[in-house]
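Data first, discussion second: the structure below is written as structure tokens.
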Amino acid sequence: MKSTLSILLIGILILFLLVISGPDAEAQSSTVTFAAIGDYGIGDGYEGAVATMISGWNPDMILGLGDSYYVDAGGTDDQKYDLSVGRFYCNFLKDINTITGTFCPTGQASYNKFFPALGDHDYEDAGITNGLPTTYTNYFTLPGNGYVSSSNNERYYDFVYGPVHFFVLNTYDTAGGEPDGVTSTSIQGEWLRTQLAASTSTWNVVVVPNPPYSSGAIHGSTVSTQWPYAQWGADAVLSGDDHVYERILQDCIVYFVDGLGGASPYAFRSTPVAGSEYRFNTTNGALRVTASDLVMTFEFFSVVNSTCKCNG
């Protein structure tokens, strides 16, 4: 697979553009545009600024990369995700369940367009029952009514949207976080290997909440999630957890760390991880990705000036 790369800096808008060109494919013939955000569930004006920017793009869907809820957002029980997600992304939500939430009681989308992943704060801040993230799984219905997932659970799941097959993992690595394991040889790992091999989509995108590779000063690389994604058939791996933007080339595929969805940015380590091609942590922002049968384009925008339109 060949790829070309160009980086644009226009005014005070930060835009990083990556274009991956793939082989002709007969699996699907549509195009999908989606936003990708991590570490967004803070419930404040910073999250609101990113949400406003994304809404202006009018994407087909939103991919969450972990930490849909922080304790800072407030609330109790099922109200928590109404305050941290429904308040900002109601137009993309469907099939949610909340009794006490008032910002987004039912969701305004005709079908689900919001696909989150579990982060450590979804366990530690949102709440668990018998080690399972029940506040999260009670609120969301994943991937949503009308979609097909092969995992038979909502902690990790897959779905197809346009020419992309998405695989959303649960890599929370504290003991007991994921009963199906977080290693490449675990039940979850075997599921991913098998389903990637069976995929007939043009593109396979994997979400790994704990980044396999990261130059972030707080978390950095997660060795336990360094699975053979490229060997198994993935085209790109997206992660959150570190509140930075970073693009990393490993194993001939691109890894993104995109944790600037609302929480305060982190610093970088003095020595970048091997393969790091670009790093940004000045302010919050989001990825905008467009995928067709032939090309998948990744653009990162900061919220400093998100109204500037650029082509490249």
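The values are calculated or read from the model by the stated rules, or taken from the named source; none is laboratory data. In this text the structure is predicted, and so the values were computed from the model without any measurement. Counting neighbours? That spans all protein chains shown, and the Cβs are built from the backbone with ideal geometry, glycine included. Areas reflect the complete protein model, heavy atoms only, side chains present, ligands, DNA and RNA absent. Shrake-Rupley method; radii C 1.70, N 1.55, O 1.52, S 1.80 Å.
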Problem set entry | Check on residue 171, open to solvent by less than 20 Å² (accessible area, probe 1.4 Å), among the β-branched types (Val, Ile, Thr) and free of Cβ contacts under 8 Å to residues at least 60 places away in the same chain | yes
Problem set entry | Criterion (over 19 Å from the mean Cα position of the chain (by Cα) and either acidic (Asp, Glu) or farther than 24 Å from residue 88 by Cβ (or both)) met by exactly one of 186, 151 | 186
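Identify the residue in the range 197-240 that is in a helix (DSSP H, G or I) and more than 26 Å from residue 263 (Cβ to Cβ) and, among all such residues, is most open to solvent (accessible area, probe 1.4 Å).
Just the residues of the range 197-240 that are in a helix (DSSP H, G or I), to begin with: 197-198, 223-225, 229-232.
Filter once more, keeping what is more than 26 Å from residue 263 (Cβ to Cβ): 197-198, 230-232.
Details: 197: 79, 198: 66, 230: 33, 231: 156, 232: 36 Å².
By that ranking, first place goes to 231.
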Problem set entry | Flag for residue 43 being in a loop (DSSP other than H, G, I, E, B) and either surrounded by fewer than 22 Cβ atoms within 10 Å (Cβ to Cβ) or in contact (Cβ under 8 Å) with a residue 24 or more places away in the chain (or both) | yes
Exercise. Which condition breaks for residue 83 when tested against (1) among the aliphatic types (A, V, I, L, M); (2) open to solvent by 10 Å² or more (accessible area, probe 1.4 Å); (3) in a loop (DSSP other than H, G, I, E, B); (4) modelled with pLDDT of 95 or more?
Worked result: (3)
Seminar exercise, completed: Taking the range 111-126 and keeping residues open to solvent by 20 Å² or more (accessible area, probe 1.4 Å) and farther than 19 Å from residue 181 by Cβ leaves 111, 113, 121, 124, 125
For this session: Check residue 151 against each of (1) open to solvent by 10 Å² or more (accessible area, probe 1.4 Å); (2) free of Cβ contacts under 8 Å to residues at least 40 places away in the same chain and name the one condition it does not meet.
Result: (2)
Problem set entry | Long-range neighbours under 6 Å by Cβ, at least six apart or interchain, first residue closer than 20 Å to residue 146 by Cα within the range 81-96, second among the β-branched types (Val, Ile, Thr) and at pLDDT 95 or above | 92/62; 95/141
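State all residues of the range 249-266 that are touching a strand residue (DSSP E or B) at 6+ places or on another chain (Cβ under 8 Å) and over 30 Å from residue 45 (Cα atoms); if no residue qualifies, say none.
Initially, the range 249-266 is screened for residues touching a strand residue (DSSP E or B) at 6+ places or on another chain (Cβ under 8 Å), giving 249, 253-262, 266.
Once the filter is applied, which keeps residues that are touching a strand residue (DSSP E or B) at 6+ places or on another chain (Cβ under 8 Å) and over 30 Å from residue 45 (Cα atoms), the range 249-266 yields 249, 253, 254.
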